[in-house]
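A.B. asks: Just dropping this structure here.
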Amino acid sequence: MRNFLGRLFFGGACFLCRGSASGLLCDACLGELPRLGAELCPRCALQSPHGALCGRCLAEPPGYDATVAVLAYDFPADTLVHALKFRGELALAPFLAELVSQKLAPEARRVDCVVPVPLSAARLRSRGYNQAAEIARYLMPAKLDVGACARRHDSAPQMQLPWAERQRNVRGAFGCNRRLPGARIAVVDDVMTTGATLDEIARTLKAAGAAHVVNWVVARTLPPS
Ligand SMILES: [Zn+2]
Ligand SMILES: [Zn+2]
């Protein structure tokens, strides 16, 4: 039904180039999406020779155990993510969820619940929806748990801060509403930038008892060189 509505809404035109398309994107645009390579650190999804654990994750292990990311946060992935997040193009959610789903190995799917990165109540009210939850509910609807983790307060938007300050900015921003003993949890977000937000969420989930936390994200920002 949603796919049907999506096609109706976009009139059979590619969301990016307006050429004819049977889905949201035409085959050419689909082929040109900036997919991440195979040699990624399994923990943070940044490039790492032979796909080994990277030096940063070895030196300062993040709270999460693994990250699956599909696209580099470059054009046109940024256009798609931005349109879902700020322009209410909700038909992009099942499309982006499908990209993530295609990259999940069978063993990666063994999770007890799927938790979208929460927005604060104030931001949820002003935006009207949580883009991470919109993606997450197409991934594993039966395991979706939007209430496991809440955002207690808004910190300054991460985008406006230098990378080094982002960790401090989100400290204590999240809270769990119940114990999660031994749970294997997938945390879903649209974009992973420094990973500071996902690190803090993983630490919060583990403090509530979670045993294993993996990130499922659509796009990964590559660090400034
Ligand atoms: Zn196109
Ligand atoms: Zn790493």
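The values are calculated or read from the model by the stated rules, or taken from the named source; none is laboratory data. Not measured: the values here are computed from a predicted model. Cβ coordinates were reconstructed from backbone atoms using ideal geometry, including for glycine residues, and neighbour counts include every protein chain displayed.
A.B. asks: Taking region 177-194 as the region of interest, how many residues are under 30 Å from Leu80 (Cα atoms) and modelled with pLDDT under 95?
C.D. replies: Applying the first criterion (under 30 Å from Leu80 (Cα atoms)) to region 177-194 yields 184-194.
Cutting the leftovers down to modelled with pLDDT under 95 gives us 193-194.
Number of matching residues: 2.
A.B. asks: Oh, and also: Take the residues in region 30-70 that are within 16 Å of ligand 1 (Cβ to nearest atom) and part of a helix (DSSP H, G or I), then tell me which one is nearest to Ala136 (Cα to Cα).
C.D. replies: Leu30
A.B. asks: Can you confirm whether Tyr73 is of a type in the set (Phe, Trp, Tyr), at pLDDT 95 or above and within 11 Å of ligand 2 (Cβ to nearest atom)?
C.D. replies: No: the conditions fail for Tyr73.
A.B. asks: Now for a separate question. Being outside any helix (DSSP H, G or I), crowded, with 19+ Cβ neighbours inside 10 Å and either touching a strand residue (DSSP E or B) at 6+ places or on another chain (Cβ under 9 Å) or of a type outside the set (D, E, K, R) (or both) is the filter here, so list the residues in region 73-89 that pass it.
C.D. replies: Residue satisfying the conditions is Tyr73 alone.
A.B. asks: Quick check on Leu24: is it on the phi < 0 side of the Ramachandran plot, in contact with a strand residue (DSSP E or B) (Cβ under 9 Å, 6 or more places away or on another chain) and surrounded by 15 or more Cβ atoms within 10 Å (Cβ to Cβ)?
C.D. replies: Values: on the phi < 0 side of the Ramachandran plot: yes; in contact with a strand residue (DSSP E or B) (Cβ under 9 Å, 6 or more places away or on another chain): no; surrounded by 15 or more Cβ atoms within 10 Å (Cβ to Cβ): yes.
No: the conditions fail for Leu24.
A.B. asks: Of the residues that make up region 175-182, is at least one basic (Lys, Arg) and over 19 Å from the mean Cα position of the chain (by Cα)?
C.D. replies: Checking region 175-182: at least one residue is basic (Lys, Arg) and over 19 Å from the mean Cα position of the chain (by Cα).
A.B. asks: Of all the residues that make up region 157-207, how many are of a type in the set (A, V, I, L, M, F, W, C) and farther than 21 Å from Arg43 by Cβ?
C.D. replies: So the count comes out to 4.
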